[in-house]
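Working notes, beginning with the structure itself.
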Amino acid sequence: GDSVTQMEGPVTLSEEAFLTINCTYTATGYPSLFWYVQYPGEGLQLLLKATKADDKGSNKGFEATYRKETTSFHLEKGSVQVSDSAVYFCALPLDTGRRALTFGSGTRLQVQP
Amino acid sequence: NAGVTQTPKFQVLKTGQSMTLQCAQDMNHNSMYWYRQDPGMGLRLIYYSASEGTTDKGEVPNGYNVSRLNKREFSLRLESAAPSQTSVYFCASRQGFDTDTQYFGPGTRLTVL
């Protein structure tokens with residue numbers, strides 16, 4: 001079935017470092033792809049999304065490009081801040097009926113000042 | 001605009017006790033979901049509701065029941081809690097139609113002793 005695989009964490013970076021969190025997917029067709037972020041003690045928030053191949057989603061300095069050739073949707077940010085410390089989840093719709101999301105296992109990012 | 005709200009935020013139960021987790025959304029969304037989040041496993045779908053009065057099982061429905069009495073509210077009930085149900089529970093909603101974006105509540109952290 002459709003699924004996502006994302007890199008293991010935790011990822012520890014210094015402030016202003018470049019961030020990449022890898023996400024690859026397995027899917028029939030070309031579903032929408034999502035990145036959600038979970039700050040400590042909070043629920044998940046939509047960070048960005050892309051609805052078709054070659055689309056680039058962006059928000060708050062984060063970007064991810066939907067690449068069907070490599071079945072990837074890697075999350076990047078050019079200069080991370082301490083406030084970006086959170087857990088990041090890659091996701092896609094589980095099926096065509098319920099449209100529930102299936103999530104990767106999450107990648108914890110810790111940014112040090 | 002409160003979005004998706006959940007009560008309670010925290011709960012401790014003894015094995016065998018019952019409780020209901022409440023969820024409400026004020027975005028006039030059609031679809032609602034219950035997920036559980038366990039360490040290192042992302043989120044897994046428990047139950048889904050496409051509209052008022054309809055529900056459908058997800059990946060891990062055993063030990064749970066749900067109720068969608070109206071468009072706003074979607075409750076999750078544990079009839080006889082077990083330690084394996086210790087988890088963080090998230091409710092989410094989706095407008096339906098042509099969007100897959102889901103909006104999440106802040107979560108309920110449940111511990112079963």
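The values are calculated or read from the model by the stated rules, or taken from the named source; none is laboratory data. What you see is a predicted model; the values in this text were computed from it and never measured. Every residue, glycine as well, gets a Cβ built from its backbone with ideal geometry; the counts of neighbours run over all protein chains shown. All accessible areas refer to the heavy atoms of the entire protein, side chains included, with ligands and DNA or RNA removed. Shrake-Rupley method; radii C 1.70, N 1.55, O 1.52, S 1.80 Å.
First check a/c for region B:10-53, with a ≥ b ≥ c the square roots of the eigenvalues of its C-alpha gyration tensor; if it is under 1.5, answer rounded, and if not, answer prolate when a/b is larger than b/c or oblate otherwise.
oblate
State the percentage of accessible surface on the protein assembly as shown attributable to carbon and sulfur atoms; use a 1.4 Å probe and exclude ligands, DNA and RNA.
Numbers: 5060 of 10590 Å².
The computed percentage sits at 48.
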For this session: Mind checking B:29-42 for the average number of partner chain beta-carbons within 10 Å of each residue's beta-carbon?
Result: 3
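Suppose we keep just the DSSP beta bridges with both residues in region A:2-113; what percent of those would be antiparallel, to 5? It would help to have the intermediate numbers written out before the result.
Values: 33 of 37 bridges.
Roughly 90 percent of the DSSP beta bridges within region A:2-113 come out antiparallel.
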Problem set entry | Inter-chain shielding of A:41-50 (mean C-beta neighbours from other protein chains, 10 Å cut-off) | 4
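In percent, what relative contact order does region B:1-94 have, based on Cα pairs under 8 Å that are 6 or more apart in sequence? Before the final figure, lay out each step's value.
Working: 203 pairs, mean separation 33.0, N = 94.
Result for region B:1-94 is 35 percent.
Give, as a single signed number, the net charge of other residues whose beta carbon lies under 10 Å from the beta carbon of A:ALA91, with Lys and Arg counted +1 and Asp and Glu -1. If you can, show how the numbers build up before the last one.
Values: positive: A:LYS49; negative: B:ASP100.
With Lys, Arg at +1 and Asp, Glu at -1, the net is 0.
Per the Kirkwood treatment, what hydrodynamic radius in Å, one decimal, follows for chain B from the mean inverse distance over all distinct Cα pairs? Intermediate results must be reported in sequence, preceding the final value.
On the way: mean 1/r = 0.0717 Å⁻¹.
It is 13.9 Å.
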Seminar exercise, completed: In Å, the Kirkwood estimate of hydrodynamic radius for region A:1-65 over Cα pairs equals 13.5 Å
Seminar exercise, completed: Magnitude of the Cβ-charge dipole (Lys and Arg +1, Asp and Glu -1) of region A:51-113 about the Cα centre, nearest 20 debye, reported as 160 debye
Seminar exercise, completed: For region B:63-112, whose charge dipole is built from +1 on Lys and Arg Cβ atoms and -1 on Asp and Glu Cβ atoms, the candidate among B:SER84, B:VAL66, B:GLY96 with its Cα farthest towards the positive end is B:VAL66
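When the dipole is taken about the Cα centre of chain A, and only Lys, Arg (+1) and Asp, Glu (-1) are charged at their Cβ, what size is it in debye, to the nearest 20? Don't skip to the answer; put the middle values down first.
Details: 10 positive and 12 negative charges, 65 e Å.
Roughly 320 debye for chain A.
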Problem set entry | Alpha-carbon centroid distance for the pair region A:3-59 / region A:82-106, whole angstrom | 7 Å
Exercise. So what's the net charge close to A:GLN110: Lys and Arg +1, Asp and Glu -1, counting the other residues with Cβ under 15 Å from its Cβ?
Worked result: -2
Exercise. Can you list the residues of region B:84-113 whose accessible area drops by at least 20 Å² going from the chain on its own to the full set of protein chains, with a 1.4 Å probe?
Worked result: B:PHE90, B:ARG94, B:ASP100, B:THR101, B:GLN102, B:PHE104, B:PRO106
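Could you work out the Rg to Rh ratio of chain A, with Rh taken as the Kirkwood radius (inverse of the mean 1/r over all Cα pairs)? Working shown, then result.
Values: Rg = 13.5 Å, Rh = 14.1 Å.
Rounded to two decimals, Rg over Rh is 0.96.
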Exercise. Using the beta-carbon distance between B:GLU73 and A:LYS60 and R0 = 35 Å, what value does 1/(1 + (r/R0)^6) give for FRET efficiency, to the nearest 0.05?
Worked result: 0.65
Problem set entry | Amide H partners (placed H, <5 Å) of A:ALA86, local residues excluded | A:LEU109
Problem set entry | Positive-end residue of B:ALA2, B:GLY40, B:THR54, charge dipole of region B:1-73 with Cβ unit charges | B:GLY40
Seminar exercise, completed: Expected vector for region B:9-16, Karplus 3J(HN,Hα) from phi with 6.51, -1.76, 1.60 and θ = phi - 60°, integer Hz, x for Gly and Pro, equals 7, 9, 7, 10, 10, 9, 3, x
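Tell me the per residue accessible area of region B:1-105 using a 1.4 Å probe; a whole number in Å² is fine. Let's see the in-between values first.
Working: 4950 Å² over 105 residues.
About 47 Å² of surface per residue is accessible.
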